[in-house]
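Notes for the one structure printed next.
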Amino acid sequence: MAGNIPYSDFAYVYDKLMYDVDYKKWADFIESIFKKYKQNPSLVLDLACGTGSFTIEMAKRGYDMIGIDISVDMLNCAKEKSSHYENILYLNQDMVNFELYGTVDAIVLLMDSLNYILYKKDVKKLFKNVHNYLNPGGLFIFDINTPYKFKNIFKNNVFYDVSDEITYIWQNSFDSKRNICEFDLTIFTKENGMYKRMDEIHLERCYEINDLKKMVNESGLRLLNIYDDLKFAKAPSNAQRVFFVCEREKL
C-alpha cells in the first residue's frame with residue numbers, strides 16, 4: 001500500500017485479515033493474462049507487495065520477482081515468509097516514485113493498491129514510471145475498486161468479522177465530492193489469552209474508469225482491455241473490481 005503513512009502494527013495482522021484471499025487464484029489469473037497476450041515474462045515487479053503473499057506465489061512458479069512496498073514492517077513480514085526463496089528481491093520504496101536498476105518484463109499492482117493513491121498527479125507519475133521501467137511489449141496489470149463499489153457497497157456501511165484469533169469492525173465514510181472513502185478500522189487480536197486493540201484509518205480514492213483510461217494513454221502505455229474480477233469477461237455495470245491490462249508498445 002502507498003499513498004498514506006505506513007502502518008507498523010497493521011502489518012503484523014494483515015495476513016490474518018486477508019485470510020479469505022486466494023492468492024493462487026490471483027496468480028492463476030495473472031498467468032492466464034500472460035498467456036492470452038502471448039507473454040512469457042521472466043522478471044516481474046510486484047508494486048505495493050505488502051507482506052509478499054502474491055510475490056511468493058509467483059516465485060514458487062519460477063518467476064524472478066521484485067517486491068516493492070513503502071512499509072518496512074510489511075517487508076519484514078514478507079522477508080520472514082520468503083526466506084527460502086532466492087528469486088525474490090524486496091525494496092523499500094514508494095510505489096509512485098519507485099526506481100530500479102534496469103527494466104522488467106511485467107509489472108503488477110494488485111489488491112486495489114492504486115486506490116490508495118489519492119491524487120491524479122501521482123497516478124500519472126506512477127504510469128510514466130511504469131512505462132520507463134517496462135520492457136517493450138511488456139504488460140502492466142492493475143486492479144481497482146470500482147466507483148460502483150464505493151458508492152453502493154462501501155458508502156457509509158459498517159462491516160465486521162469475528163473469529164477466535166482476530167476480530168475487526170470496519171466503518172466506512174464516503175465523501176462523494178472529494179471521491180475519498182475513509183475506512184475506520186478497529187482490530188482486536190488475541191495474545192496470551194488477552195486481546196490487544198489496534199485502530200487504523202485508511203483512505204482510498206474512487207477513480208472513474210474513463211479517467212484511468214485517459215491517464216494510461218497519456219503515459220505512453222496502450223490499454224489492451226479491462227476485465228471483470230478474476231475472469232476474462234466484460235465488467236458489468238455493478239462490477240466491484242476490474243482489472244486493467246496495459247502494454248508498453250513493442251519497438
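In the neighborhood of Ser176, defined by Cβ-to-Cβ distances under 14 Å, what is the net charge if each Lys or Arg adds +1 and each Asp or Glu adds -1?
Cβ neighbours under 14 Å give a net charge of +2.
Which net charge results when you count Lys and Arg as +1 and Asp and Glu as -1 among the other residues whose beta-carbon is under 11 Å from that of Tyr227?
Residues close to Tyr227 contribute a combined charge of +1.
Taking the Cβ of each residue in Leu251, Leu221 as the centre, tally the other Cβ atoms inside 10 Å and list the residues starting with the fewest.
Leu251, Leu221
Counting other C-beta atoms within 10 Å, and keeping those with at most 11, which DSSP coil chymotrypsin sites (Phe, Trp or Tyr not before Pro) do you find in region 32-123?
Passing both the DSSP loop test and the Cβ count: Tyr101, Tyr119.
Would you tally the net charge around Asn92, using a Cβ to Cβ cut-off of less than 12 Å, leaving Asn92 out, and scoring K and R as +1, D and E as -1?
Local charge sum for Asn92: -3.
Averaging sequence separations of C-alpha pairs under 8 Å and six or more residues apart, then dividing by the length of region 149-204, give the relative contact order as a whole percent.
With pairs under 8 Å counted, the relative contact order is 27 percent.
Relative contact order, percent, of the chain when contacts are C-alpha pairs under 8 Å separated by at least 6 residues?
RCO, the chain: 18 percent.
Divide by every residue of the chain the summed helix terms, -39500 (n - 2.57) for each DSSP H run of at least 4, and state the resulting mean residue ellipticity at 222 nm, rounded to the nearest 500 deg cm²/dmol.
After summing the helix terms and dividing by the residues of the chain, the value is -7000 deg cm²/dmol.
What pairs in Lys24/Lys231; Lys125/Lys155; Lys24/Lys60; Lys121/Lys149 have C-alpha atoms more than 21 Å from each other?
Going by Cα-Cα distance, Lys125/Lys155; Lys121/Lys149 fall outside the 21 Å limit.
Can you bin region 1-159 into rounded, prolate or oblate? Criterion: square roots of the alpha carbon gyration tensor eigenvalues sorted a ≥ b ≥ c, rounded for a/c under 1.5, prolate for a/b above b/c, oblate for the rest.
Rounded.
Using amide H atoms built in the peptide plane, which far-off residues or other-chain residues are under 5 Å from Leu221 H to H?
Excluding prolines and chain starts, which carry no amide H, there are no hits.
If we sort 224-235, 124-135 on the protection proxy, mean other Cβ atoms within 10 Å, highest first, what's the order?
Top of the packing list down: 124-135, 224-235.
How many angstrom lie between the Cα centre of region 224-251 and the Cα centre of region 88-118?
19 Å
Points 7 angstrom from Cα along the Cβ direction at Arg197 and Asn225: gap in nanometres?
4.9 nm
Bear in mind that the values in this text are calculations on the coordinates, not laboratory data. Everything numeric here is computed off the predicted structure, so don't read it as measured data. All Cβ positions, glycine included, derive from the backbone under ideal geometry; neighbour counts span all protein chains shown.
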